[in-house]
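Just below is one structure, and these are the notes that go with it.
The values are calculated or read from the model by the stated rules, or taken from the named source; none is laboratory data. Just so it is clear, the structure is predicted and the values come from calculations on it, not from any experiment. Virtual Cβ from ideal backbone geometry, glycine too; neighbours counted across all protein chains shown. For the accessible areas, the whole protein counts, side chains as well, though only heavy atoms, and no ligand, DNA or RNA atoms are used. Shrake-Rupley method; radii C 1.70, N 1.55, O 1.52, S 1.80 Å.
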Amino acid sequence: MRRRRFLLQTAGLTGAGALAMSGCGAGDGDTVTLDVLLAGYDGTVGTSIEKRWDAAVRAFEKKHPAIRVKVERVPFLKLDATLTRRVKDGRAPDISEGNFFAPYAQDGRLYSADELFEVPVQANFIASFADAGKVDAVQYGLATQASAPRLFWNKALFEQAGLAQAPTSWAELRSCAQALQRIGVATPYALTFGPEASEDELLAWLLAGDGGYASVSGYDFANPENEATLTWLRDKLVVPGLAGADPAKLTRTQAYAQFLQGKAGMLLAHPVLLSAADRAGLKYATAPFPKRDGSGAAPPVGLNDWLMAFKANGRLDAARTFLSFLFTSPSARTYGADTGTLPATASDSEALQEDRSQRALWPFVAELPVAEFHPVGLRSWATVRAAIRERIGAAVAPGGDPAHVLEALDQVGSSA
């Protein structure tokens with residue numbers, strides 16, 4: 001750990017610091033302005049993330065007065081569409097946050113991580129996140145505000161139902177849900193197959209059932225393991241009413257609200273729910289999501305926002321300086337218990353796990369190195385994600401046909 005931190009300190013001197021003196025217009029008295037496009041949250045749960053970003057920008061501009069950072073915020077749900085339109089119109093920002101980077105990388109519009117960072121800084125990204133950020137074996141997506149959801153369970157409701165611990169298999173999860181249903185819990189397990197983020201919930205279940213979204217050759221939805229998982233969800237959770245009134249309409253936001261109100265007994269959730277549950281005075285705990293057969297924890301789903309640096313305006317030196325600062329300086333941290341997000345670098349993960357004030361995040365951080373991701377490196381992922389959100393609820397509805405839906409998703413992937 002000390003060696004890694006030494007390397008990062010060295011990188012801070014030879015990388016970002018040297019660039020600030022030798023490039024970016026600093027030598028001739030000019031000020032360079034970086035256009036940065038970020039997600040806005042309009043006073044919702046993400047407000048603390050906005051404040052962290054503002055603090056990071058202030059700290060950067062104080063240290064690098066020759067570079068100004070102009071931040072534009074777009075509502076989170078409109079961010080990807082806004083970026084796509086701006087790139088198409090020839091108005092690409094220098095740096096942008098977003099959910100997709102592969103199309104821009106394949107079109108030659110992005111700087112690679114090799115161009116943006118000194119070796120020690122680039123090597124400090126958690127390997128699973130660095131790999132997920134690659135297109136054709138080259139990293140373009142820079143992970144920020146990471147997350148790995150865990151199973152949240154309401155301890156008070158469990159106690160009322162005569163339950164002592166979180167489920168460690170699907171059979172136990174169903175048994176717990178049945179016990180919660182018997183004491184009148186409206187949504188024993190909140191299955192979020194609605195239009196907001198069903199691709200996250202789905203991937204968690206598929207991984208737990210030894211399936212997934214893709215193989216080495218591309219999308220692979222219609223495999224026996226995935227069909228078995230969706231069939232189990234339909235027959236064992238949805239049809240008996242153990243997953244709420246209508247999982248096809250249940251969004252993640254609604255599920256969080258139900259959990260905070262004591263109307264949902266279990267759900268898969270991000271660490272952002274921790275502080276909200278604490279403020280609500282909820283008696284709860286978290287656990288790894290169980291594998292189907294109870295043989296251990298399922299592979300966690302890795303989630304994060306992506307930063308990408310565009311070539312269009314030719315501000316490579318300024319982008320390098322800003323991004324190197326962002327991923328090496330303690331004053332630029334945009335994660336923590338107040339934001340409900342995690343670091344995507346090894347050194348910051350180690351520091352967080354030594355900070356007792358961040359103890360609630362420790363189990364989530366421990367999952368990051370083994371996290372598995374959506375196939376964001378595929379150009380068609382945006383189209384496939386939209387299809388998942390539109391169709392997956394029908395697969396587990398009473399009378400639903402999992403095989404048909406999975407085959408349709410493969411067809412979307414192959415034709416997109």
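Assorted remarks:
- Accessible surface of the chain [probe 1.4 Å, protein heavy atoms]: carbon and sulfur percent: 50 percent
- Summing charges over all other residues whose Cβ lies under 12 Å from the Cβ of Pro103, with Lys and Arg as +1 and Asp and Glu as -1, gives +1.
- Estimated translational diffusion coefficient (Stokes-Einstein, Kirkwood radius over Cα pairs, 37 °C, 0.692 mPa s) of segment 28-174: 176 µm² per second.
- Distance in nm between pseudo-label sites at Thr251 and Glu225 (7 Å out along the Cβ direction from Cα): 3.2 nm
- Each Cα pair under 8 Å and six or more residues apart adds its sequence gap; the mean of these over the residue count of segment 160-277 is a relative contact order of 34 percent.
- Kirkwood Rh (inverse of mean 1/r, distinct Cα pairs), segment 159-225, angstrom: 14.0 Å
- On Cα atoms only, tilt of 47-63 relative to the major axis of the chain in degrees: 20 degrees
- Extension gain, Asp131 to Glu159, is 5.9 nm, computed as 0.36 nm per intervening residue step minus the present C-alpha separation.
- Taking the DSSP beta bridges with both ends in the chain, the antiparallel portion is around 60 percent.
- Over all other residues within a Cβ to Cβ distance under 11 Å of Gly377, the charged ones net out to 0, with Lys and Arg as +1 and Asp and Glu as -1.
- Here the 3J(HN,Hα) profile of segment 287-300, calculated from phi with Karplus coefficients 6.51, -1.76 and 1.60 at θ = phi - 60°, is 8, x, 6, x, 6, 4, 8, x, 7, x, 7, 6, x, x Hz, Gly and Pro shown as x.
- Surrounding net charge for Val36, when Lys and Arg each add one and Asp and Glu each subtract one, Cβ distance under 9 Å: -3
- Taking only the C-alpha atoms of segment 119-259, Rg followed by Dmax gives 18.0, 57 Å.
- Under the simplified labelling scheme, the Val370-Gln353 pair shows an inter-label distance of 1.2 nm, with each label point 7 Å from Cα along Cα→Cβ.
- The equivalent ellipsoid of the chain has semi-axes of 39, 24, 18 Å, largest first, where each one is the square root of 5 times an eigenvalue of the Cα gyration tensor.
- Within the same chain, lysines fewer than 8 places from Lys263 are excluded, and of the rest, those with a Cα less than 29 Å from its Cα are Lys155, Lys236, Lys249, Lys283, Lys291.
- Average accessible area per residue (Å²) across the chain - probe 1.4 Å, nucleic acids and ligands excluded: 42 Å²
- Expressed as a fraction of 2.2 N^0.38 Å, the C-alpha radius of gyration for segment 278-416 is 1.39.
- Cα pair distances exceeding 20 angstrom across segment 264-348, given as percent: 56 percent
- Packing, taken as the mean count of other beta carbons within 10 Å per residue, orders the peptides 296-309, 155-168 from highest to lowest as 296-309, 155-168.
- Here the spin labels are modelled as points 7 Å beyond Cα on the Cα-Cβ line, and at Ala55 and Ser112 they lie 3.5 nm apart.
- Using the Cβ-Cβ distance between Ala285 and Ala397 with R0 set to 35 Å, the FRET efficiency works out to roughly 0.70.
- The slack between Asp30 and Ser329, meaning 0.36 nm per residue of separation minus the straight C-alpha distance, is 105.2 nm.
- Extension gain from Ala312 to Ala171, taking 0.36 nm per residue of separation minus the Cα-Cα distance: 45.4 nm
- Rounded tilt (10° steps) of 402-415 against the dominant C-alpha axis of the chain: 20 degrees
- Segment 32-190, relative contact order [Cα under 8 Å, separation at least 6], %: 17 percent
- Both radii come from the Cα set of segment 337-381: Rg as radius of gyration, Rh as Kirkwood radius; their ratio Rg/Rh reads 1.09.
- Relative contact order, whole percent, for the chain stands at 27, derived from Cα pairs under 8 Å and 6 or more residues apart.
- Once the C-beta distance of Val239 and Val138 is scaled by a Förster radius of 56 Å, the resulting FRET efficiency is 0.75 to the nearest 0.05.
- For the chain, size of Cβ-based charge dipole, Lys and Arg +1, Asp and Glu -1, in debye: 980 debye
- Angle in degrees between helix 2-11 and the longest Cα principal axis of the chain, rounded to the nearest 10: 40 degrees
- Using the Cβ-Cβ distance between Leu77 and Thr383 with R0 set to 22 Å, the FRET efficiency works out to roughly 0.80.
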